[in-house]
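Written below as structure tokens is the structure these notes are about.
The values are calculated or read from the model by the stated rules, or taken from the named source; none is laboratory data. These numbers were taken from a predicted model, which means no experiment stands behind them. No Cβ is skipped: glycine too gets one built from the backbone with ideal geometry, and neighbour counts run over all protein chains shown. Ligands, DNA and RNA are excluded from the accessible area calculation, which covers all protein heavy atoms including side chains. Shrake-Rupley method; radii C 1.70, N 1.55, O 1.52, S 1.80 Å.
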Amino acid sequence: MFKLPVCPHCKTIYRYKDVKKELSKKECVCYHCGKKFRASKKKILILFLIIALITAIFDVLALYMIAGTSLIGMILMNIIAVTAGFFLIPYFTEFKK
């Protein structure tokens with residue numbers, strides 16, 4: 001289900017930490033074939049929009065359905081969801097020519 005991105009030219013699979021390094025660059029160079037490509041961040045935006053939607057729905061349901069919901073508990077759940085999103089960023093990165 002979750003796959004790391006590959007070079008669009010030679011199909012070399014990038015490791016987790018290599019993807020994180022490539023995201024900070026405007027133009028990337030493949031370490032295997034030497035050709036240039038760019039990292040698309042559209043799917044990362046979609047990932048965080050989905051996380052925001054899920055946390056908002058959870059917060060509303062927690063406030064209206066569960067009587068003993070505390071604000072600190074909701075904040076902790078939101079922080080956990082956003083942190084999980086940051087760990088998933090390399091899996092939602094796409095390399096394009």
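With coordinates expressed along the principal axes, the C-alpha atoms belonging to the chain extend over 58, 24, 18 Å, beginning with the largest.
Computed over protein heavy atoms with a 1.4 Å probe, the accessible surface of the chain works out to 73 Å² per residue.
From the P(r) of the range 46-97, can you give the percent of Cα pairs sitting at distances over 15 Å? Walk me through the numbers before you get to the answer.
Details: 693 of 1326 pairs.
Roughly 52 percent, rounded to a whole number.
Once the Cα atoms are used to define both axes, helix 42-65 deviates from the longest principal axis of the chain by about 10 degrees. Calculated FRET efficiency, Ala52 to Tyr16, Cβ-Cβ distance, R0 = 25 Å: about 0.55 to the nearest 0.05.
Dividing the summed -39500 (n - 2.57) terms of all DSSP H runs of n ≥ 4 by the residue count of the chain sets its mean residue ellipticity at 222 nm at -17000 deg cm²/dmol. Using only the alpha-carbon atoms, how far is helix 71-88 inclined from the longest principal axis of the chain? Give it as 0 to 90 degrees, nearest 10. So the inclination is approximately 10 degrees. Springs between Cα atoms under 10 Å define the GNM used for the chain, and in it the highest mean-square fluctuation of Ile79, Ile66, Ile44 occurs at Ile66. Shape descriptor for the range 13-67: Rg over Rh equals 1.29 (Cα atoms; Rh from the Kirkwood inverse mean 1/r). Across the range 28-36, computed HN-Hα scalar couplings (Karplus, 6.51 cos²θ - 1.76 cosθ + 1.60, θ = phi - 60°) run 9, 10, 5, 6, 9, 9, x, 8, 8 Hz from first to last residue, x flagging Gly and Pro. Within the listed set Gly68, Gly34, Gly85, the Gaussian network model of the chain (springs between alpha-carbon atoms below 10 Å) gives the highest mean-square fluctuation for Gly68.
Given Cα pairs under 8 Å that are at least 6 residues apart, what percent is the relative contact order of the chain? Before the final figure, lay out the partial values.
Working: 100 pairs, mean separation 41.5, N = 97.
The normalised contact order for the chain reaches 43 percent.
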